[in-house]
1. Over the chain, calculate the relative contact order: mean separation of alpha carbon pairs under 8 Å at least 6 apart, over the residue count, as a percent.
2. Checking the a/c ratio against 1.5 first, then a/b against b/c, what shape does the Cα gyration tensor give for region 140-184?
3. Between rounded, prolate and oblate, where does region 1-119 land on the alpha carbon gyration tensor, with a ≥ b ≥ c its root eigenvalues, rounded for a/c under 1.5, else prolate if a/b exceeds b/c?
4. Which distance in nm do the two modelled labels at residue 147 and residue 133 give, with both placed 7 Å along the Cα-to-Cβ direction?
Amino acid sequence: MPLPVVLISTVSEGGILNAAPWSCVTPVLRPLDEVLIASWLKRDTLDNIRQTGEFVINVPRAGMEEAVMICARNYPPETDEFQEAGLLARRSSAVKPPGIEGCLAWAECRLEEEIAREKYVLIVGRVVHLEVDDRFFSEVDGMDYENAMPLCSIGGPNGIQFVRPVSTGKGDRYTSMLSSSPKQ
Ligand SMILES: Cc1cc2nc3c(=O)[nH]c(=O)nc-3n(C[C@H](O)[C@H](O)[C@H](O)COP(=O)(O)O)c2cc1C
């Protein structure tokens, strides 16, 4: 199953910038002001979120795969991963970690709850500020995904393949979910 690819940007207590690709990420129902991310225990991202309580979910575009994979490398916590991947920091409005220039959208989040399991952690975050690149969004049609080119990936036996969504040509209104009569 193709999963979204986002870049999570964080900053350590000592001020080191970090960015890491993430696919186990989802909004939590409506009104979409909570997000859930799943993290293995050994992640600088997780340590930074625990230290500062803040993170930014950046939505990268197709074309950013190389930077995404550089950020996936196992750097020590003292390495500035923005610098390693050539990412430009973008000032956030409500949290300290910067966003990443060139992305489609930026959800600034605060740690709300941590659900600890033996081998992984589920982080519930509250979106405290959300911005999108207006070139790719309209109030009427939402995301112009053909031009925005949000990045997804599929994990296979031999590695990761990057993909992006295309239209099936079908869709429906939200109100059709409220109808109990069978579809014609
Ligand atoms: C496309 C992609 C998706 C990933 N998704 C996750 C994820 O959902 N959860 C996770 O813990 N690691 C995920 N990883 C692995 C981390 O990005 C990788 O281990 C990275 O080095 C972690 O960086 P950090 O230690 O700076 O946080 C993913 C990697 C890639 C390439």
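1. 23
2. Working: a/c = 3.68, a/b = 1.85, b/c = 1.98.
The shape class here is oblate.
3. Numbers: a/c = 1.26, a/b = 1.12, b/c = 1.13.
The shape class here is rounded.
4. 1.1
Coordinate-derived values only; no laboratory data. Keep in mind that what you see is a predicted model, and the values were worked out from it rather than measured. For neighbour counting, all protein chains shown are included, and Cβ atoms are generated from backbone atoms with ideal geometry for every residue, glycine included.
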